[in-house]
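Peer 1: This structure is in structure tokens; I'll ask about it shortly.
The values are calculated or read from the model by the stated rules, or taken from the named source; none is laboratory data. Source: prediction; values computed, not measured. Here the Cβ positions follow ideal geometry from the backbone for every residue, glycine too, while neighbour counts run over all protein chains shown.
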Amino acid sequence: MRIHYFQHVPFEGLGSIEQWIRARGYHLTATKLYQNDPMSDMESVDWFIIMGGPMGVHDEDRLPWLKSEKRLIEKAMSTGKAVLGICLGAQLIAAVLGARVYPNRFKEIGWFPIELTEAGQRSPLFGFLPARLGVFHWHGDTFDLPAGAVHIARSEACLHQAFVYNERVIGLQFHLECTPKGVEALIQNCSGELVKGSYIETPSQVRAHPKAFRIINGAMDELLSRIEQMVKQAS
């Protein structure tokens with residue numbers, strides 16, 4: 001299997017996803033947009049992963065590669081590729097599908113629970129999760145649910161936390177892939193966002209849940225395995 005990921009900033013990589021891919025010996029390639037990697041033809045890729053970043057989906061004047069990335073996401077979805085978007089990645093997918101992306105009422109940074117919708121609890125991809133799960137967040141924007149998408153999860157601060165579109169396209173507003181090293185990098189590079197807020201934890205609060213990484217990374221592994229089976233069955 002060939003998996004390709006898009007990375008928007010140096011400090012938001014694949015996290016625990018990379019270990020899952022390496023353990024299976026899959027072919028892994030990347031476009032690191034912050035260093036202006038080219039957007040070459042990717043017909044042979046089976047699965048695209050779109051990572052997060054502090055920019056917004058509408059920042060095309062400042063970051064013109066966003067236009068090319070959106071075109072590639074659209075092509076990947078239209079040709080039946082598996083696509084997993086995380087945080088900014090989910091927002092980009094939503095925008096490509098015609099949904100509105102905009103600042104949420106609350107920024108959500110730190111460890112807060114999500115709740116599965118009824119559809120999420122029945123989902124072949126997400127049904128293994130408990131109805132309520134503490135996960136890691138770092139986002140200020142949100143999106144309307146794309147037309148035709150299945151609403152999978154919500155949180156107290158953010159209605160649309162996850163969706164599935166056309167069975168093969170998955171958007172996660174929250175992070176299951178984060179590791180302690182990755183969270184520390186976010187704190188160091190985005191400390192200006194850690195202001196007082198109803199759903200914003202302090203650095204010490206963010207760092208206070210070392211055992212939670214095992215839980216969220218295990219959930220990510222299971223989700224990836226379910227996407228993997230979906231891709232194999234379709235090939």
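Peer 1: Counting just the residues of the range 101-118 that are of a type in the set (D, E, K, R) and within 12 Å of Asp141 (Cβ to Cβ), which one comes out surrounded by the most Cβ atoms within 10 Å (Cβ to Cβ)?
Peer 2: By that ranking, first place goes to Glu108.
Peer 1: Take Glu115 and tell me if it is more than 24 Å from Ile73 (Cα to Cα), in contact with a Lys or Arg (Cβ under 9 Å, 6 or more places away or on another chain) and free of Cβ contacts under 8 Å to residues at least 60 places away in the same chain. Let's see the steps before the verdict.
Peer 2: Details: more than 24 Å from Ile73 (Cα to Cα): yes; in contact with a Lys or Arg (Cβ under 9 Å, 6 or more places away or on another chain): yes; free of Cβ contacts under 8 Å to residues at least 60 places away in the same chain: yes.
Yes.
Peer 1: Failed condition for Gly98, given (1) farther than 17 Å from Ala149 by Cα; (2) loosely packed, with under 14 Cβ neighbours inside 10 Å; (3) at pLDDT 95 or above; (4) not basic (Lys, Arg), with all others met?
Peer 2: Among (1) farther than 17 Å from Ala149 by Cα; (2) loosely packed, with under 14 Cβ neighbours inside 10 Å; (3) at pLDDT 95 or above; (4) not basic (Lys, Arg), Gly98 violates only (1).
Residues checked against (1) closer than 30 Å to Glu118 by Cα; (2) out of contact with any helix residue (DSSP H, G or I) (no Cβ under 6 Å at 6 or more places or on another chain):
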position	(1), (2)
Leu172	yes, no
His175	yes, yes
Glu184	no, yes
Gly197	yes, yes
Ala208	no, yes
Arg214	yes, yes
Glu222	yes, yes
Ala234	yes, yes
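Peer 1: From the residues in the range 188-235 that are aliphatic (A, V, I, L, M) and over 21 Å from the mean Cα position of the chain (by Cα), which one is farthest from Arg132 (Cα to Cα)?
Peer 2: Ala234
Peer 1: So is Arg22 free of Cβ contacts under 8 Å to residues at least 24 places away in the same chain, surrounded by fewer than 19 Cβ atoms within 10 Å (Cβ to Cβ), within 30 Å of Ile215 (Cβ to Cβ) and of a type in the set (Lys, Arg) or not?
Peer 2: yes
Peer 1: Next up: Consider Ser204 against the criteria (1) in a helix (DSSP H, G or I); (2) touching a residue at least 60 places away in the same chain (Cβ under 8 Å); (3) among the hydroxyl-bearing types (Ser, Thr, Tyr): it satisfies all of them except one. Which criterion is unmet?
Peer 2: So Ser204 meets the others, but not (2).
Peer 1: Please work out which residue is surrounded by the fewest Cβ atoms within 10 Å (Cβ to Cβ), limiting yourself to the range 156-182 and to residues that are aliphatic (A, V, I, L, M) and touching a Lys or Arg at 6+ places or on another chain (Cβ under 9 Å).
Peer 2: So the residue we want is Ala157.
Peer 1: When you check Val9 against the structure, is it touching a Gly at 6+ places or on another chain (Cβ under 9 Å), part of a loop (DSSP other than H, G, I, E, B), closer than 22 Å to Ala95 by Cα and hydrophobic (A, V, I, L, M, F, W, C), yes or no?
Peer 2: Values: touching a Gly at 6+ places or on another chain (Cβ under 9 Å): yes; part of a loop (DSSP other than H, G, I, E, B): yes; closer than 22 Å to Ala95 by Cα: yes; hydrophobic (A, V, I, L, M, F, W, C): yes.
Judged against the criteria, Val9 is a match.
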